[in-house]
Each structure stands twice: as C-alpha cells, then as structure tokens.
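The block underneath contains the structure these notes are about, expressed in structure tokens.
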Amino acid sequence: MSNNEFELLIRENAQIIENELAKYMNSKNDNGLCELMSYSLLGAGKRIRPFIVIEASKLFSGKDFNIKRVLPYACALEMIHTYSLIHDDLPSMDNDDYRRGKLTSHKVFGEGKALLAGDTLLTYAFEVLASNELVSDKSVRYATIALSKYAGFAGMAGGQMIDLNSGENISSFDELKKMHSLKTSALIKCAMVLGYLSACDTPNDKVISDLEAFSDNIGIAFQIKDDILDKISDSVTLGKPVGSDDKNGKSTTLSYMSIDEAQKQVDDLTNDAIKIIEAYYEGICGMHSLVDLAKYMVDRKK
C-alpha cells in the first residue's frame with residue numbers, strides 16, 4: 001500500500017471513530033462533563049490506537065469482520081488514551097500548555113475540571129467496553145481484563161509512575177526502554193489484543209505473546225521517533241511544545257545516543273515488528289495494514 005493509500009485508510013477509520021465517539025458525548029444527564037471530555041476527545045488526532053483495534057479485528061475476523069463489533073472496544077481505548085493525555089499535561093505532571101494543536105484542557109477549564117474530565121473518561125471507557133452487545137460475554141470479560149491490565153499498574157500507569165519517580169535519573173537506555181514499554185507500548189498492546197478479542201473469545205497464548213511483542217517493538221520505536229522529532233521538528237508541525245523533556249530535565253533516547261543511532265534503533269525495532277505480524281498475513285490477499293502501520297510510524301513527521 002502506498003503512503004497516500006495508507007493515510008487515506010487512517011483518515012477513514014479516524015472519521016468512523018470520531019463519529020462514534022461523538023455519540024457517546026451526547027448525554028443529557030452529564031452535569032456539564034461531556035463538554036469537558038469532548039474538548040480533548042473530539043476533533044483532533046490520527047486515532048492510531050483505535051485504528052489498530054479495527055485493523056487487528058479485520059486481520060483475525062477475516063470474511064466475518066463487522067466493524068460494529070469492534071467499535072465499542074476501539075472507542076473505550078481512545079477514551080483511556082485521552083484521559084492519560086489530559087492528566088499528563090497537568091502542572092503536577094508534564095505541565096504542557098498545548099496538545100493536538102490547541103490549548104490543553106487545564107488551560108481552558110482549570111486544573112480541577114481537567115482532572116475530572118480525565119477521571120470521567122477513564123470510568124466511562126469501561127461502561128462503553130462492557131456495553132458491547134455484538135460480542136460474547138466471554139469476549140467482554142477478557143476485554144475488560146485487558147483494558148485494566150494495560151492501562152493500570154502493569155502497563156501505562158506503571159510507566160507513568162517510573163517516569164515520575166526517576167525520569168531524570170534513568171541511568172541507561174535499557175531502563176528508558178522499560179519505561180516506554182509500559183508507558184507507550186502498553187496501550188498499543190491493548191489495541192492489538194482488543195481487536196483480536198473482538199474476533200475470538202478464546203484467546204491463544206502464543207497469539208497474545210506475538211501481538212504483545214509486535215506492539216512492544218512499534219511502541220518503543222514510536223517513542224524513540226518522538227524523541228527524535230522533539231529535537232529536530234517544531235511546535236507548529238508537531239501540534240505540541242518541543243523540548244519539554246529537556247526543559248523538565250527528563251532523560252530521552254538522545255541522552256544516550258546520537259540522532260543517527262536513535263534512528264537505527266527505530267529501524268531495527270520496526271523490522272522486528274514486521275517479521276512478527278507478517279506471519280499472520282500469510283495467505284491473505286489485499287492490504288496488510290498493520291505491516292504498513294509499522295512502516296508509517298518510522299517515516300512520520302509528527
């Protein structure tokens with residue numbers, strides 16, 4: 001698939017997700033919370049994580065793929081991701097003023113309401129996930145466990161804790177990769193597993209292991225690429241401040257190696273990821289979208 005074709009697929013999936021998320025933000029008994037949540041949740045972003053959920057579901061569903069079966073899982077994960085961004089931007093965390101090209105939630109609504117917006121997205125995500133009536137109860141049970149695991153202390157939140165405790169004192173690139181494996185890769189693992197569970201409610205341990213390894217590689221590669229772009233790009237292109245890690249004294253990939261060496265890490269991790277996922281596309285004609293995703297994340301400019 002060409003880059004143009006792949007970007008079109010991303011935009012098409014993003015629009016589907018955007019429309020679905022908007023429906024969840026239309027409650028009349030929300031006490032004003034939908035406005036707070038919608039500000040950060042709607043209208044921006046490539047929706048990479050829900051894209052992965054959808055494309056993983058396509059891969060494992062084959063001819064039985066039904067996008068309605070997977071949308072609640074994809075939307076729930078995007079809510080989790082957005083809550084984490086709102087909280088990351090708070091003055092008590094990364095203290096950033098811009099996200100996705102506009103002022104962060106706490107800059108518009110204040111810290112208290114931004115915190116509440118994130119909290120509500122976190123809890124609402126599980127309601128959305130559990131309300132999926134087009135999959136089996138067994139699938140929902142496994143999906144609930146997966147979302148809790150990858151978003152919690154064994155995943156994203158655990159990575160954030162490492163970041164808060166030792167972000168400026170990480171002594172090696174291996175330690176930094178461990179943090180990225182939790183903080184960044186965990187939700188990509190979750191995306192792959194949720195897509196798989198929308199198609200199969202009796203998960204195979206080997207498949208789960210492969211999906212996690214694929215996700216770990218592209219997640220770490222994604223974060224290293226972020227570190228590179230933070231050094232060589234600008235805030236207009238990225239839609240968020242550049243150099244915030246340097247400002248806050250945090251370690252990045254470039255604390256341990258040159259830009260060229262970091263790019264080699266990105267390339268090696270991406271190639272390893274492609275080898276894993278290509279095996280699952282064997283014999284499947286047409287678009288190998290998760291392979292293309294791995295390549296796209298290496299070449300991205302923002």
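Things to note:
- When each of LYS28/LYS183; LYS107/LYS295; LYS138/LYS206; LYS231/LYS264; LYS177/LYS295 is checked by Cα-Cα distance, pairs over 27 Å: LYS28/LYS183; LYS107/LYS295
- Farthest toward positive dipole pole in segment 3-299 [+1 Lys/Arg, -1 Asp/Glu at C-beta], among PHE173, SER105, GLY32: GLY32
- Annotation: aspartates and glutamates with alpha-carbon distance below 15 angstrom to LYS23 (same-chain offsets under eight excluded): GLU35, GLU78, GLU127.
- Farthest positive-ward along the chain dipole, Cα basis, beta-carbon charges - from ASN204, PHE60, CYS75: CYS75
- Where chymotrypsin sites (Phe, Trp or Tyr not before Pro) fall in DSSP loop in segment 186-235, at most 13 other Cβ within 10 Å: none
- Neighbour cut-off at most 16 other Cβ (10 Å), DSSP loop, trypsin sites (Lys or Arg not before Pro), segment 87-157: ARG100
- Within a Gaussian network of the chain (alpha carbon springs, distance under 10 Å), most fluctuating of LYS264, LYS58, LYS189: LYS264
- The chain, helix-only ellipticity at 222 nm - DSSP H runs n ≥ 4, -39,500 (n - 2.57), divided by all residues, nearest 500: -22500 deg cm²/dmol
- Coarse-grained scattering of the chain at q = 0.09, 0.16 Å⁻¹, given as base-10 log I(q)/I(0) from a Debye sum over alpha-carbon atoms: -0.42, -1.45
Read the figures in this text as sums done on the coordinates, not as results from a lab. Predicted model, so just to flag it, every value in this text is computed and none were measured. Glycine also receives a Cβ, built like all others from the backbone with ideal geometry; neighbour counts cover every protein chain displayed.
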